[in-house]
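In what follows, a single structure is set out as structure tokens and then discussed.
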Amino acid sequence: MTSFSMEHGLILATIIFMLGLIGLLSRKNIVFILMSVEIMLNAAGLAFVVAGSRWSQPDGQVMFIFILAMAAAEVSIALALIILLHRKFKTLDADAAHNMRG
Amino acid sequence: MNALFYIASVVAIAATIMVITRLNSIHALLYLIVSLLSVAVIFFLLGAPFVAALEVIVYAGAIMVLFVFVVMMLNLGPQTVEQESRWFNPKIWIGPAALSAILIAEFIYVLISHGRQNLDTRMINPKQVGFSLFSTYLLGVELASMLLLAGIIGAYHLGRRKEAVFHRYFRRPDALYERLHPKEENKIDENGLKAGDKPLSKTNVSGMKQKKSERGEL
Amino acid sequence: MLELLWMVPALPFLGYIILALFGGRMTKGISAAVGVGMLGLSALITIVIAISFIASPPEGYLFLQTLWKWVDVAGFSPAIALRLDPVSLVFIFIITFVGFLIHLYSVQYMEEEDSTWYARFFAYMNLFVGAMLMLVLADNLLLLYLGWEGVGLCSYLLIGYWYKDPANGAAARKAFIVTRVGDTAMAIGLFILVMAFRTLNIQEILRHVPLVWPVSSQAVVITALMLLGGAVGKSAQLPLQTWLPDAMAGPTPVSALIHAATMVTAGVYLIARMHVIFLQAPEVMTIVGIIGALTLIIAGFSAITQFDIKKVLAYSTISQIGYMFLALGVGAWSAAVFHFMIHAFFKALLFLGAGAVIYALHHEQNMFKMGGVKNMLPLTFWTFVIGSASLAALPLVTGGFYSKDLILYLAFTGEHGSKLLYFAGLFGALITAVYTSRMVFLTFYGHEKTHLHNRPGPVMEVPLIILAVLSTIGGFIELPGTLGHFPLFSNFIQNILPSPGSGEGHEGIGTELMLQIVAAVVAIGGVFIGYLLYYKKPETVQNFKQTPSGQSLYKFWLYGWGFDWVYDTLFVKPIDWIAQVNKSDVIDLIYTAIAWLTRGFNRMFSFTQTGRLRWYAMGIAFGAIVAITIVVFL
């Protein structure tokens, strides 16, 4: 009944993913970096749902649920880490924690 | 329906661009919620109402609320916006944008070159999803549950304030000094016991109380 | 009763395990009781088995006892199986019985050691006997090789028993390494046999060799040579004899055990056991005979010059094993086994007697510092004289005469024999008589030079008496044709080993009598020469020793014909030199280079580790671009 194609859905997912990537690479603030990661995860989920919809199978949606669970766990840990970082360095600059350089 | 898809797409892209360019993190979060909501609309159009609902409830609801809490807890002042504007200048984002543009070009080329694949947007109802989730992907569900458990424990562990742990030798601030310069009544006798030896001194007890009140703040 | 066979090797092993595990906490009395008791039981069982074996021989004079399958790989499945036939019966009898007497003797001889060392001594001795029993009872060559190596290991442990002196450790290593040369040859021989027959079962190999390999074919000659190499190494024959004189570094009972019951006779056993292979390779048989003849003469000359009583005995062992090899070389299998048995008796007796003297004189081994011991230790003297008479093969009354005479007779008349080997043996007999009498005269006669320190007790004297009796009457179970023709022993052995195929029939009894008279005259003459040179007119020898040529000859013989020097120059020095030159290890440079390269890469890549999150993300994105580009456009 609808006539938009799978390509359009996937292109949308790609664009959102790449915007997330740009955010990840260009922001210094660790909260924004985390948000960018969320954007990218969401885009990946979108790609799964689009692909699942192409074959009218529920598997794409199942994958999205897994991504959702993973994102929830990841966000909780990452936010705790942000709090630790802020407590230790009094800043949100991700580059402040570069002591593990080689 | 077609138009709805493209409108939602445009909203999603625009909102996402706004997310990555905002200087104030709360503003960015609000735009992110808009972006997620528009993706939820697209899910609905694709015939996946269940995940559309999940997107709204879990993503735009729970996870984003978590973000908001943290941003509020960090209690960032207005000076952070100036700092952000210093950090975020074209010199920094032009490189990633170029890289991403290349990647987008490649993806679009790949997708276009494979020809048009029509979507079947028949609705897949929650029952089907649930059936698939608890039959084919049962192991995945178990693993996800473990992952979430690990997330809970990890977040708790990382978030709590650490108590400073001292060796019993240094429990009391003046203990080392006393050991090195024993007073007459504190001289260690043959049994290794001091005349006035008590397990805890007053300062120590009050120190612990202080720590507890500190912990209460969080 | 034959089913008890497995207990014969199992008991010494059990003793070893008990002593090794709990020896440190045992008193000397308990250690000795375990060590001697296990061997005593083993000897007792052996005697029971021997009686029932002789009374009702199993079919084909062969009793097999398969305990369990050892391994099973690609059709090659050696079993842990024991094999009892007349030859192995004689060997296990000697090993357990003489071994038991030596253990009994050690109880007093080693009493000065503290209890841990005492237990260690008996543990090693038990293991030694156990390994040797495994060797002779083995049903297949792999098990035989296990015992073979076990014997080598124990010899190392026991020669280096007093390891706190580095010289003893060096002697132990020498014994181990020199025999290892032979062992390697033997291992190659076993590989050839496995390749050819797909089995190491002795019975199978002996059955198939004549069918598969024609006489003097290349394969059989090489196999025989390789087995001979192993035998030569273990039995201290030319050219691998150099370890045995140094092996005297161990305690005297160990020497007795190595020389009489275990270790050095393994080579004789191996050749007798694999006789079919050697019969298919007559060239190698000749080599065996020549090696035996050369060894017995060379070792005899060396024995004349030694001043250490134990080294005289060591060289005499080399020489006597030379006789056994001579016998094997002429196909006189039963004579070799017979000489092994008599030799075990009198050589154990001589070593234990020498040990008693050494013990009594507080570890004095130099014969020139002894003298007059005859009056101090009359019993030791008389038993030692009996043993010496047997070694010198004095006619009619000694066991050594019968066994040596049999070898000489068969060397002269046997179908594989030759006159040359006979004369070498005869000459060796003369030398043997000379050095034996020299040893007796120097040690026991003359005036006393050292004081009595300890007196050997009954535990040391009883084994001496038993062995003296055995080395005398042992000869009477095999009487030659001239003296009633009573070849009990040969008949027993020839159930399993072929008869030498002598020309007994057409040579006639006259030849035999003549040869015996010659041998007797030679032995008595040798003793008389010894009496003249070392008792009556010792100044003759001393004067000769003073002359330059005498001096150099003396040195040459004293140091065992310079074999050590030759090996040192040929093998040790060049390797030493290479090691010196290659101190910095050329090959190591390759590995250093690899390490250097790795470190370089490490530095290069650690430079990229900035610790900045976005830098890494950039890396991932860039990598993704490259990967996707490759996948899509290439």
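The values are calculated or read from the model by the stated rules, or taken from the named source; none is laboratory data. Model, not experiment: these values are computed from the prediction. Backbone-built Cβ (ideal geometry, glycine too); neighbour counts: all protein chains shown. Calculation scope for accessible area: heavy atoms of the full protein, side chains included, ligands and nucleic acids excluded. Shrake-Rupley method; radii C 1.70, N 1.55, O 1.52, S 1.80 Å.
Listing for the model above:
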{"read-out": "Cut-off under 5 Å, modelled amide H: who pairs with residue C:479 long-range", "value": "C:486, C:488"}
{"read-out": "Residue C:308 long-range amide H proximity, modeled H, under 5 Å", "value": "C:367"}
{"read-out": "Cα centroid separation - the range C:128-174 against the range C:37-65, whole Å", "value": "25 Å"}
{"read-out": "Amide H contacts of residue C:67 (H built 1.01 Å from N, under 5 Å, at least 5 apart or other chain)", "value": "C:80, C:81, C:82"}
{"read-out": "Ellipticity estimate at 222 nm from DSSP helix runs (n ≥ 4, -39,500 (n - 2.57)) divided over the protein assembly as shown, nearest 500", "value": "-23500 deg cm²/dmol"}
{"read-out": "Cα long-axis angle, helix C:141-159 against chain C (0 to 90 degrees, to the nearest 10)", "value": "80 degrees"}
{"read-out": "The range C:584-633, Cα convex hull volume normalised per residue, Å³", "value": "89 Å³"}
{"read-out": "Under 14 Å, Cβ to Cβ, from residue C:49 - net charge with Lys/Arg +1 and Asp/Glu -1", "value": "-1"}
{"read-out": "Rounded to the nearest 10 Å², the accessible area of residue C:567 at probe 1.4 Å", "value": "50 Å²"}
{"read-out": "Residue-count net charge about residue B:128 - beta-carbon cut-off 11 Å; Lys, Arg +1, Asp, Glu -1", "value": "+1"}
{"read-out": "Square roots of five times the Cα gyration tensor eigenvalues for the range C:125-170, Å", "value": "26, 9, 4"}
{"read-out": "Most to least accessible of C:59, B:55, C:364 (protein chains only, probe 1.4 Å)", "value": "C:59, C:364, B:55"}
{"read-out": "Angle between chain C longest axis and helix C:419-444 axis [Cα atoms, degrees, rounded to 10]", "value": "80 degrees"}
{"read-out": "Inter-part distance where the range B:1-78 and the range C:330-397 are each reduced to a Cα centre, Å", "value": "106 Å"}
{"read-out": "Gap separating the Cα centres of the range C:404-463 and the range C:241-314, nearest whole Å", "value": "14 Å"}
{"read-out": "Gyration tensor verdict on the range B:2-124 (Cα atoms; rounded if a/c is under 1.5, prolate if a/b is larger than b/c, oblate otherwise)", "value": "oblate"}
{"read-out": "Size-normalised alpha-carbon gyration radius of chain C, reference 2.2 N^0.38 Å", "value": "1.13"}
{"read-out": "Relative contact order of chain C, pairs being alpha-carbon contacts under 8 Å that are 6 or more residues apart, as %", "value": "12 percent"}
{"read-out": "Residue C:588 accessible area, 1.4 Å probe, all protein chains in place, Å² to nearest 10", "value": "70 Å²"}
{"read-out": "Cα pair distances exceeding 16 angstrom across the range C:205-312, given as percent", "value": "62 percent"}
{"read-out": "Residue B:116 accessible area, assembled protein chains, probe 1.4 Å, Å²", "value": "140 Å²"}
{"read-out": "Ranked order, B:50, C:563, C:122 - accessible area, probe 1.4 Å, largest first", "value": "B:50, C:563, C:122"}
{"read-out": "Solvent-accessible ranking of B:160, C:273, largest area first, probe 1.4 Å", "value": "B:160, C:273"}
{"read-out": "Value of Rg/Rh across the protein assembly as shown [Cα atoms, Kirkwood radius]", "value": "1.28"}
{"read-out": "Rounded tilt (10° steps) of C:115-137 against the dominant C-alpha axis of chain C", "value": "80 degrees"}
{"read-out": "Hz values of 3J(HN,Hα) by residue in the range C:544-550 - Karplus curve (6.51, -1.76, 1.60), Gly and Pro given as x", "value": "5, 5, 6, 5, x, 5, x"}
{"read-out": "Subset of C:311/C:369; C:164/C:573; C:311/C:537; C:369/C:536; C:174/C:234 violating a 20 Å alpha-carbon distance limit", "value": "C:164/C:573; C:311/C:537"}
